[in-house]
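The values are calculated or read from the model by the stated rules, or taken from the named source; none is laboratory data. Being a predicted model, the structure only gives us computed values, none of them experimental. Methodologically, a virtual Cβ is constructed for each residue, glycine included, from the backbone with ideal geometry; neighbour enumeration extends over all protein chains shown. Protein only, heavy atoms only, side chains kept; ligands, DNA and RNA dropped before computing areas. Shrake-Rupley method; radii C 1.70, N 1.55, O 1.52, S 1.80 Å.
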Amino acid sequence: MSRALRIAGSILAALVALLLATLIYIHFVWDKPVDRPAPVMTAPHDSATIARGEHIFKDTWQCWRCHASPATDGNSSPSGGRVFDLRSRGPGFGIYYARNITPDSSTGIGSWTDGEITQAIREGVRKDRHMLFPLMPVDWLKGLSDRDVLAVVAYIRTIPPVTNRVPDSEPSFFSRALMTFHVLEPMPPITRPVGAPPPGPTAEYGRYFATSVGGCAECHSPRNLQTARFYEDSLFAGSTIAFGSEQGDPIVSYGRNIRPVKDLGIGHWNEEDFTAAVTSGMRPDSTVLDPHMPYAQFKFLSGDEVRAVYLFLRSLEPMGRTAPAPWYSVEVKQAKGTERGKLLFRARCQPCHGLEGTGARPTSVRLTEVESSMDDRDLKDFIAAGQLNLKMPAFRKTLDSTELDDVAAYIRSWKKQ
Ligand code: HEC
Ligand code: HEC
Ligand code: HEC
């Protein structure tokens, strides 16, 4: 064998050995317990604190959206829910299950201390010292003040416990490698008291609300799809993730750019336009937002909260990025008549009216009971015109005439059963 070949052979052998060593290293190191204690904290139990926690849990962060199944509304039990199958997202991140966070002591978080729950929410570290995959939005929750995070804990303690064992999440090899080499790691330990600006209609409170309390930053910021990290320099400039695609939703959309860019989105909206869009889903051009933007829950935001976010977003540098308009899934495009009406109802009406029109927290009206008072024409006209004073959006510019017919036919079909 020539000398050159022998050298090449040794280099190859060394590379293979290195690769093997790396694989073995990742295998043994990726879920090394996080070496930090849980903070010692105690949540107050007065009714104002619990109400604040409930507001954050149901209306702003909507923890139930991921942690409940079915996730009908804020009253759905967070006993474990959504499956996030990220095996084909980017390089493949694995499969994750939103966990049972009811105070059940065997399958939920009933045996966790207030400090341990706080640490899971703000630092992404579980009671068993393993890190949470950042599907759980710790990038933003880390900024919650002690008062607010303990309010969430106080509220969770009041939820009825439900026994439901959720399967363990299964990070892919790629995710394990990211964890081994600290590309993905828990948030830094919080060892000092965390405060928040005083609540009120100020840009300063708006920044706190939009990032740590309201979830706006989570959905409206671009994320690096190779590392699952957010691009800190372009927060609020629009998401790189399409909401609804991995869930098989009938409608899919991107979180839009909500920086004040001239002639784009909120750049040419006034405060009234902004408030209407955020709390009732109606854009100034009378189109209705896709409910992946949780406007149905944001109707419970206070006037000061919305004003604060508006003032804060206005204070940001414009940054031009446009997100594609929402689109319907293939199923919707192929369906006809009542079948299409059902899918359109799921896409557009279900967040406020419940899956089968039986009511949901944003509006408890039961469509199954009321529709008999309206004839076909009235029903179609009502859906087109909405009832803006009650925050029922007007769908005239969002659903065309045959789509309105199909939705009305679907609502009618309940009576015939
Ligand atoms: C976008 C979806 C999503 C939202 C919103 C969300 N979570 Fe989670 N959460 C998850 C997922 C997924 C996990 C599990 C991650 C893993 O297995 O690594 C999790 C884990 C947790 C855990 C750890 C439980 C355990 O047994 O390990 C707690 C506690 C928790 N979430 C509380 C909350 C609270 C409180 C909120 C609202 C303030 C919230 N979550 C909002 C997706 C979400
Ligand atoms: C769970 C994800 C999610 C959260 C949380 C969220 N949004 Fe959205 N938002 C979206 C999506 C998706 C759209 C696009 C909807 C569409 O295209 O119809 C959107 C659209 C908007 C729009 C309309 C922009 C335009 O140009 O039409 C505004 C304004 C807005 N969001 C503001 C906010 C604010 C303020 C918050 C926090 C209080 C927030 N959003 C929280 C997902 C979210
Ligand atoms: C943001 C929440 C919201 C969404 C989304 C929504 N609605 Fe409504 N809807 C309401 C509210 C609020 C009322 C008024 C309830 C009342 O009278 O108290 C209402 C009332 C109605 C009524 C009349 C009930 C009655 O007794 O007069 C019909 C019919 C209806 N909605 C159909 C629809 C359809 C179809 C869609 C989807 C295309 C839809 N709604 C989407 C909030 C919503």
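Checking the structure you have, find out if any residue of the range 321-343 is surrounded by 15 or more Cβ atoms within 10 Å (Cβ to Cβ) and in a strand (DSSP E or B).
Checked the range 321-343: at least one residue is surrounded by 15 or more Cβ atoms within 10 Å (Cβ to Cβ) and in a strand (DSSP E or B).
Just to be sure I understand the filter: pairs with C-beta atoms under 7 Å, separated by 6 or more residues or on different chains, first member in the range 345-368 and without any contact (Cβ under 8 Å) to a residue 12 or more places away in the chain and on the phi > 0 side of the Ramachandran plot, second member near ligand 3 (Cβ under 10 Å from one of its atoms) and open to solvent by 70 Å² or more (accessible area, probe 1.4 Å). Which pairs pass?
Pairs that qualify, where the first residue is without any contact (Cβ under 8 Å) to a residue 12 or more places away in the chain and on the phi > 0 side of the Ramachandran plot and the partner is near ligand 3 (Cβ under 10 Å from one of its atoms) and open to solvent by 70 Å² or more (accessible area, probe 1.4 Å), are G359/R366.
Looking at (1) in contact (Cβ under 8 Å) with a residue 40 or more places away in the chain; (2) in a helix (DSSP H, G or I); (3) open to solvent by 80 Å² or more (accessible area, probe 1.4 Å), find the lone condition where R65 falls short.
For R65, the exception is condition (3).
Residue check: is P351 open to solvent by less than 60 Å² (accessible area, probe 1.4 Å) and within 16 Å of ligand 1 (Cβ to nearest atom)?
yes
Across the range 380-402, what is the total count of residues that are open to solvent by 30 Å² or more (accessible area, probe 1.4 Å), part of a helix (DSSP H, G or I) and more than 6 Å from ligand 3 (Cβ to nearest atom)?
7
Here is a list: S302, S286. Which entry is surrounded by fewer than 21 Cβ atoms within 10 Å (Cβ to Cβ) and either within 14 Å of ligand 3 (Cβ to nearest atom) or on the phi > 0 side of the Ramachandran plot (or both)?
Exactly one residue qualifies, and that residue is S286.
Sort out which residues of the range 66-108 are touching a strand residue (DSSP E or B) at 6+ places or on another chain (Cβ under 6 Å) and within 15 Å of T163 (Cβ to Cβ), and write them in order of number.
Within the range 66-108, S79, G80, N100, T102, T107, G108 qualify.
Take residues that are without any contact (Cβ under 8 Å) to a residue 40 or more places away in the chain and not β-branched (V, I, T) and tell me which of the helices (runs of 4 or more DSSP H) falling wholly in the range 75-165 contain 1 or more.
Working: elements: 114-123, 138-141, 146-158.
Fully inside the range 75-165 and qualifying: 114-123.
If you take the residues of the range 203-229 that are closer than 21 Å to R321 by Cα and small (G, A, S), which of them is farthest from ligand 2 (Cβ to nearest atom)?
Applying the filter and picking the extreme gives A228.
Which members of the range 145-195 meet the condition of being among the charged types (D, E, K, R) and under 20 Å from the mean Cα position of the chain (by Cα)?
At the first step, the residues of the range 145-195 found to be among the charged types (D, E, K, R) are 146-148, 157, 165, 168, 170, 176, 185, 192.
D148 - this is the single residue of the range 145-195 that is among the charged types (D, E, K, R) and under 20 Å from the mean Cα position of the chain (by Cα).
Filter the range 354-373 for residues that are open to solvent by 50 Å² or more (accessible area, probe 1.4 Å) and among the hydrophobic types (A, V, I, L, M, F, W, C) and give the result.
L355, V365, V370
Starting from residues that are touching an Asp or Glu at 6+ places or on another chain (Cβ under 9 Å) and of a type outside the set (V, I, T), keep the ones in the range 88-110 and report whichever is most open to solvent (accessible area, probe 1.4 Å).
Of the range 88-110, the ones touching an Asp or Glu at 6+ places or on another chain (Cβ under 9 Å) are 88-89, 94-97, 109-110.
This time we only want the ones that are of a type outside the set (V, I, T), so: 88-89, 94, 96-97, 110.
Numbers: S88: 110, R89: 63, G94: 3, Y96: 13, Y97: 47, G110: 29 Å².
Checking each candidate, the answer is S88.
Being away from ligand 3 (no atom under 16 Å from the Cβ), without any contact (Cβ under 8 Å) to a residue 40 or more places away in the chain and open to solvent by less than 20 Å² (accessible area, probe 1.4 Å) is the filter here; which residues of the range 247-283 pass it?
Taking the range 247-283 and keeping what is away from ligand 3 (no atom under 16 Å from the Cβ), we get 247-248, 252, 254-274.
Next, from what is left, pick out any that are without any contact (Cβ under 8 Å) to a residue 40 or more places away in the chain: 263, 265, 268-274.
Selection gives F274 alone.
Residues that are of a type in the set (D, E), at least 3 per element: which helices (runs of 4 or more DSSP H) completely within the range 188-304 meet that? Quick ask: steps written out before the conclusion?
Working: elements: 203-208, 216-220, 271-280, 295-298.
Counting at least 3 such residues, we get 271-280.
Given the residues A325, A308, which is the only one that is closer than 29 Å to A203 by Cβ and either among the small types (G, A, S) or not assigned by TED's automatic domain parsing to the domain that holds S69 (or both)?
Being closer than 29 Å to A203 by Cβ and either among the small types (G, A, S) or not assigned by TED's automatic domain parsing to the domain that holds S69 (or both) holds for just one of A325, A308, which is A308.
So, G244, is that one out of contact with any Phe, Trp or Tyr (no Cβ under 6 Å at 6 or more places or on another chain), at pLDDT below 95, within 16 Å of ligand 3 (Cβ to nearest atom) and at positive phi or not? I'd like the intermediate steps shown before the answer.
Numbers: out of contact with any Phe, Trp or Tyr (no Cβ under 6 Å at 6 or more places or on another chain): yes; at pLDDT below 95: yes; within 16 Å of ligand 3 (Cβ to nearest atom): yes; at positive phi: yes.
Yes.
Counting only residues that are touching a residue at least 60 places away in the same chain (Cβ under 8 Å) and open to solvent by 20 Å² or more (accessible area, probe 1.4 Å), which one in the range 209-228 is nearest to F300 (Cα to Cα)?
Selected residue: C216.
Those residues that are at pLDDT below 95 and at negative phi, I need them from the range 77-95; list them, please.
Within the range 77-95, G81, R82, V83, F84, D85, L86, R87, S88, R89, P91, F93 meet the criteria.
Test each condition in (1) of a type outside the set (A, V, I, L, M, F, W, C); (2) within 27 Å of Y97 (Cβ to Cβ); (3) modelled with pLDDT under 95 for E54 and report the one that comes out false.
(3)
For V40, state whether it is touching a helix residue (DSSP H, G or I) at 6+ places or on another chain (Cβ under 7 Å) and of a type in the set (A, V, I, L, M, F, W, C).
When the stated conditions are applied, V40 passes them.
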